Amino acid sequence: YAQYPDAQIDEVEDYLSTIKPGGTMTGAYISTEKEDFFPIKTFRDFEVDPLSAVTGAMSKVNNDGCIWIQYLLCPLADGWQDEGHQYVDIVREGKKKSTFSLSAFAGEVITGVVDLLASIPQAIINPPEQYSSGKPLVKDPLPPRLSAGKELALKSLENKLSKMGFRTVVRVGSCAGTKEKAENQLRSVIATFKQYSISDLNGFTGGIYPPSINEFVDECRERSLPKNHAFILSTEEIASIFHFPSSTVETPAISWTKAKHGEPPLNLPTSDCTFLGKTTFRNQLVKFGIKDCDRARHTYLIGKTGTGKSTLFKNMIYQDIINGKGVGVLDPHGNLIDELLELIPDNRIKDVVIFDPSDADRPVSLNMLECPDQAQKNLMASGLVDVFKKHFGYSWGPRLEYLLNNCILTLLEIPNTTLLGITRLLSDDNYQKYIVYQIKDPMMRDFWTKEFIAMKGNQKLITEAIAPIQNKVGRFLSSSTIRNIVGQAKSSIRIDEVMDQGKIFLVNLSKGRIGEDNANLLGSMIVSRIAFMAMQRVNLPEDQRKDFFLFVDEFQNFASGSFASILSEARKYHLCLHLTHQYTAQLPEEMMAAVSGNVGTIASFSLGAPDATILEPEFAPFFTENDLISLEMYHMYIKLMIDGQTSVPFSAVSLPPPDQNTGNKDKVMALSREVYGHDVAEVEDRIKGWIEKRFDLGQAIRDAHARGEVPREIPKITTVQPTVQEENAIEE
């Protein structure tokens, strides 16, 4: 790691453990051509990485075979260079290398005596100049002149001698379906070592074949280092014949590290937490998690489909269920809900509340206009208007929003009204009179008795405001599946009780069963309802606000315009959000900014290129855009909230999904249907009775009298001809 800090080291099975010696095996030792002190060509002499040729030859192995190169090294003490230094001195001084043998010594003595005797007469007649002149006998001090090539070769040799040496053994083994294929593979790899040869210096031979292939394989397994097949290489030469491939090596099938691994923080929670995964830095697989107090700052996951987001959610939800915590899950696909139902333990069967709109036989009831505190009706109305605005935003306008908000505020004031009343309030004059008589808010009474009458008299306002509401809300309520849920006056599922009592709220919004538009609109209403009920905890002391962990898959489908406010406020009321989706383009820019600014823990699985560019600043400088793209399945980069502080990004892998099957799925579903569902025939009869019932002012007076209320002033609904000024006032 000192030289390759970003490397990934995996322990694998010995590549020789599965190879059996036999007729399809062959192998050879690589050897050098000359003495060990002569150097081979090194990486400094190549323009292209020499490893490319080696790996290229190895990549051509047949499917039924394998090939390997084994490098064995043993460091040597100084002293191996002596012979090389002696050689350099001899060459520079022009001497022959001294060797000794008895026959050679005798021959040199005889030759010297004969030459001496033959030269005596000549020396007497013609004495040498140095003797006749009386000059002293002096040896020529100048060494022989070496060629440029010879001088360069000596420098290369001296360069090798200046470095540490290693006794080296290189084995090449090959196996294939036939002996011929195995030998062809072997020769192909051995040939690549010829590229290291230098004329006048050293190189590798074509290979020395062992007498017994079985013994050769045994020596490979034992990693033996026989001296008779060893040669000496310097550190530079070793780095030339073997090094880790770089990006310049384009050989296919190299096991590249796909994404960088990052070091986790020292204060990583490893106990008393909800476990998320294991760290992957340098193969230190430490199981870690997140504390409940930090989950209150919310968790955000992003990644392409199938990368492991739902698996991480499933693990967290399962731990919450086992630990007796309150959990809510909104699943737009239904698969996660089905898997969770298999994990419900016996002691939590009664805590499960299943909201499944596709269960047409026993629909649950969830009245979105049920307001326990009239002081909060404006907050509830605002949330519902935001929901409709999100899903009908392509034709939204100020008049439409103004009218819809007043419709919802009006119905919130009247007990036992539902969303079915919105369209009826706009189209049924008698029902409108029935409702308006019961309104206590003077501004709302004034709106219906004056402004709305003016709006109905203006065709432009009818087109821009009244008709769109009737069309959009009416289309949503036209589905009997949806109508049977939101059209019941009394909710069988009390969201506040689910949260305060720590129940398990499973919302199955499978788009394939109820349609995408209905699933998204219904899901948005439920999220808005949960947020509203969480904020009603404002009157509870802090220590009595029980944590409720809400998991929303594909949350962009359910996030209305007020979602930024929910993110910033939910923590105070112990509503802990866990959000996930696939890519940033699914969210409006302001929504993405709200997520980045309010979420404590961010985890990214593998991303597409555009998203990697956008999210790179979140993980820089530790991880790059390419790292975010290259993450493997179930691997993630995470910035974890730890004790209120966001950690530096680090790498992790999620835990495998829980495989426990309690066998309680059918029992859980049956109990939830029995407790929270209603017979569909009864539900449809009640809704049909409400639709067919005639409401009028007289009925409103009689109902008020039955409740013992003091008779109110009957509102005078007059027809007012709209003017341009009035129309503008309404718009303002």
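Inside segment 616-634, can you point out the residues that are touching a Phe, Trp or Tyr at 6+ places or on another chain (Cβ under 9 Å) and either surrounded by 22 or more Cβ atoms within 10 Å (Cβ to Cβ) or part of a loop (DSSP other than H, G, I, E, B) (or both)?
Of everything in segment 616-634, those that are touching a Phe, Trp or Tyr at 6+ places or on another chain (Cβ under 9 Å) and either surrounded by 22 or more Cβ atoms within 10 Å (Cβ to Cβ) or part of a loop (DSSP other than H, G, I, E, B) (or both) turn out to be Phe619, Phe622, Phe623, Asp627, Leu628, Leu631, Met633, Tyr634.
Could you list, in sequence order, the residues of segment 586-603 that are under 22 Å from Ile290 (Cα atoms), hydrophobic (A, V, I, L, M, F, W, C) and not in a helix (DSSP H, G or I)?
Val599, Ile602, Ala603, listed by residue number.
Show the residue pairs meeting these rules: Cβ distance below 9 Å; 6+ apart or different chains; first residue within segment 314-327 and at positive phi; second residue at pLDDT 95 or above and part of a helix (DSSP H, G or I).
Gly324/Asn347; Gly324/Arg348; Gly324/Asp351
So how many residues does segment 276-295 have that are crowded, with 21+ Cβ neighbours inside 10 Å and of a type outside the set (S, T, N, Q)? Break it down stepwise before answering.
Quick first cut of segment 276-295, residues crowded, with 21+ Cβ neighbours inside 10 Å only: 276-277, 279-280, 288-290, 294-295.
Checking the rest, the ones that are also of a type outside the set (S, T, N, Q) come to 276-277, 288-290, 294-295.
Result for segment 276-295: 7.
Does segment 498-512 contain at least one residue that is crowded, with 23+ Cβ neighbours inside 10 Å and closer than 20 Å to Ser565 by Cα?
Looking for residues that are crowded, with 23+ Cβ neighbours inside 10 Å and closer than 20 Å to Ser565 by Cα, one finds at least one in segment 498-512, hence yes.
Just name the residue that is farthest from Ala28 (Cα to Cα) out of those in segment 199-225 that are aliphatic (A, V, I, L, M) and surrounded by fewer than 16 Cβ atoms within 10 Å (Cβ to Cβ). Steps first, please.
Here is the first cut: in segment 199-225, the residues aliphatic (A, V, I, L, M) are 201, 208, 213, 217, 225.
Add one more test, that the residue is surrounded by fewer than 16 Cβ atoms within 10 Å (Cβ to Cβ), and what stays is 208, 225.
Numbers: Ile208: 5, Leu225: 14 Å.
Ranking the candidates gives Leu225 first.
Looking at segment 32-48, which of the residues that are surrounded by fewer than 18 Cβ atoms within 10 Å (Cβ to Cβ) and under 44 Å from the mean Cα position of the chain (by Cα) is nearest to Arg167 (Cα to Cα)? Lay out the reasoning, then the answer.
Going through segment 32-48, the residues surrounded by fewer than 18 Cβ atoms within 10 Å (Cβ to Cβ) turn out to be 33-35, 43-48.
From what's left, under 44 Å from the mean Cα position of the chain (by Cα): 43-48.
On the way: Phe43: 20, Arg44: 22, Asp45: 23, Phe46: 24, Glu47: 27, Val48: 27 Å.
It comes out as Phe43.
Residue under question is Thr257, and the condition is that it be touching a Ser or Thr at 6+ places or on another chain (Cβ under 9 Å) and within 30 Å of Ile638 (Cβ to Cβ); does it hold? Talk me through it step by step, then tell me what you get.
Numbers: touching a Ser or Thr at 6+ places or on another chain (Cβ under 9 Å): yes; within 30 Å of Ile638 (Cβ to Cβ): yes.
Here the answer is yes, as Thr257 does meet what is asked.
Check whether at least one residue in segment 50-63 is modelled with pLDDT of 65 or more, exposed (fewer than 13 other Cβ atoms within 10 Å of the Cβ) and of a type outside the set (D, E, K, R), and report yes or no. If you could, list the steps in order and put the result at the bottom.
First, the residues of segment 50-63 that are modelled with pLDDT of 65 or more: 50-63.
Add one more test, that the residue is exposed (fewer than 13 other Cβ atoms within 10 Å of the Cβ), and what stays is 59-60, 63.
Keeping just the survivors that are of a type outside the set (D, E, K, R) gives 59, 63.
Among the residues of segment 50-63, at least one is modelled with pLDDT of 65 or more, exposed (fewer than 13 other Cβ atoms within 10 Å of the Cβ) and of a type outside the set (D, E, K, R), which makes the answer yes.
Test of understanding: among Pro442, Pro468, which residue is under 43 Å from the mean Cα position of the chain (by Cα) and either surrounded by fewer than 17 Cβ atoms within 10 Å (Cβ to Cβ) or under 30 Å from Glu684 (Cα atoms) (or both)?
Working: Pro442 fails: under 43 Å from the mean Cα position of the chain (by Cα).
Answer to the check: Pro468.
Please enumerate the residues belonging to segment 289-311 that are out of contact with any Gly (no Cβ under 7 Å at 6 or more places or on another chain), in contact (Cβ under 8 Å) with a residue 24 or more places away in the chain and either assigned to a loop (DSSP other than H, G, I, E, B) or over 24 Å from Ala564 (Cα atoms) (or both).
If we filter segment 289-311 for residues that are out of contact with any Gly (no Cβ under 7 Å at 6 or more places or on another chain), which is where we start, we get 289-293, 295-296, 299-303, 305-308, 310-311.
Filter once more, keeping what is in contact (Cβ under 8 Å) with a residue 24 or more places away in the chain: 290-293, 295-296, 299-303, 305-308, 310-311.
The answer is Lys291, Ala296, Gly303, Thr305, Gly306, Thr307, Gly308, Thr311.
Let's see how each residue does on (1) surrounded by fewer than 20 Cβ atoms within 10 Å (Cβ to Cβ); (2) touching a helix residue (DSSP H, G or I) at 6+ places or on another chain (Cβ under 6 Å); (3) under 24 Å from Pro372 (Cα atoms):
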position: Met533; (1), (2), (3): no, yes, yes
position: Arg537; (1), (2), (3): no, yes, yes
position: Pro541; (1), (2), (3): yes, no, yes
position: Leu550; (1), (2), (3): no, no, yes
position: Glu554; (1), (2), (3): no, no, no
position: Ser565; (1), (2), (3): yes, no, yes
position: Lys572; (1), (2), (3): yes, no, yes
position: His578; (1), (2), (3): no, no, no
position: Tyr583; (1), (2), (3): yes, yes, no
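Among the residues that make up segment 513-521, is at least one of them surrounded by fewer than 23 Cβ atoms within 10 Å (Cβ to Cβ), within 30 Å of Asn347 (Cβ to Cβ) and of a type outside the set (Lys, Arg)?
no
The values are calculated or read from the model by the stated rules, or taken from the named source; none is laboratory data. Quick caveat: nothing in here was measured; it's all calculated off a predicted structure. Don't worry about glycine lacking a Cβ; one is built from the backbone with ideal geometry, like all the others, and counts go over all protein chains shown.
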